[in-house]
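Q: Below is a structure I'd like to ask you about.
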Amino acid sequence: MAQQGNFKSSSRMGGLGDGASSSSTDLLSGGKPRDQGLKDVDFERRGFLVKVVGGIGAAVAVSTIYPIIKYIIPPVLKVSSVNELIVGKATEVPEKSGKIYQFNKDRVIVINDNGKLTACSAVCTHLGCLVHWDNAQNLILCPCHGAKYKQTGEIISGPQPLPLPVFKARVEGENIIISKS
Ligand code: FES
């Protein structure tokens, strides 16, 4: 600050005194007064420091926040889709029974009706409840609002708008295999 005062006074003196020689030394090559040039340099330096500090701050913020976000939001498990899958043992679905298996993203009910295996989605097309095999009525029943489906997924009665999507099921050796229909 003291320097600025000196330059100003020097400039003023130059203006009052020996004129041309003094004023030419107080001008920078761009034609700006020396004190204005110093201010520009000061602003440039300040701007550079602000950018450096800002950059460091951003790096620290990112390195702090990123692990927290990764901790809060778990990674999405990518389940690859397969055309067919061994889901269990044939003994798990004895005659006149049904069992629900996971097949890709679907819940599938496999029904053994007197040795004949059928499979369809286990998710009711009304509001998404899981259905079950009702052996007494020989049909698939939704416990939520009473939707009834045939073993093959077709609608018998109830509020459901659509039949159950159908899959294939077979026994190979001692395994039950579900495949896309
Ligand atoms: S969800 Fe199955 S009948 Fe409503």
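Q: Sorted from largest to smallest, which semi-axis lengths in Å does the alpha carbon gyration tensor of segment 30-121 give for its equivalent ellipsoid, taking the root of 5 times each eigenvalue?
A: With the √(5λ) rule applied to segment 30-121, the semi-axes are 74, 12, 8 Å.
Q: Applying the Karplus parametrisation 6.51 cos²θ - 1.76 cosθ + 1.60 with θ = phi - 60° to the phi angles of segment 104-113, what ³J(HN,Hα) value in whole Hz is obtained for each residue in order, glycine and proline being reported as x?
A: 6, 8, 9, 9, 10, 9, 9, 10, 10, 9
Q: Let me ask something else. Counting only other residues whose beta carbon sits under 9 Å from that of Ile140, what net charge do I get with K and R as +1, D and E as -1?
A: So the surrounding residues net to +1.
Q: Still on this structure, please answer the following. Please work out how much length the chain gains when fully extended from Val52 to Ala136, using 0.36 nm per residue of separation minus the C-alpha to C-alpha distance, in nm with one decimal.
A: Values: separation 84, 0.36 × 84 = 30.24 nm, distance 7.67 nm.
That works out to 22.6 nm of additional length.
Q: Out of segment 103-181, which GluC sites (Glu not before Pro) are coil in DSSP terms and have no more than 16 other C-beta atoms within 10 Å?
A: Passing both the DSSP loop test and the Cβ count: Glu154, Glu174.
Q: Given a 1.4 angstrom probe, I'd like the percentage of the accessible area of segment 107-155 that is carbon and sulfur, rounded to a whole number.
A: With neighbouring chains kept in place, the figure for segment 107-155 is 50 percent.
Q: Moving on. Which loop-located trypsin sites (Lys or Arg not before Pro) does segment 51-87 contain, where loop means any DSSP state but H, G, I, E or B and the Cβ has at most 13 other Cβ atoms within 10 Å?
A: Answer by residue number: Lys78.
Q: Still on this structure, please answer the following. Using each residue's phi in segment 144-157, evaluate 6.51 cos²θ - 1.76 cosθ + 1.60 at θ = phi - 60° and report the 3J(HN,Hα) Karplus result to the nearest Hz, with x for Gly and Pro.
A: 6, 10, x, 5, 10, 10, 6, 4, 8, x, 6, 6, 9, 6
The values are calculated or read from the model by the stated rules, or taken from the named source; none is laboratory data. Here the structure is a predicted model, which is why all the values come from computation and not from measurement. Note: ideal-geometry Cβ built from the backbone for every residue, glycine included; neighbour counts use all protein chains shown. These area figures cover heavy atoms from the full protein model, side chains too; ligands, DNA and RNA do not enter into them. Shrake-Rupley method; radii C 1.70, N 1.55, O 1.52, S 1.80 Å.
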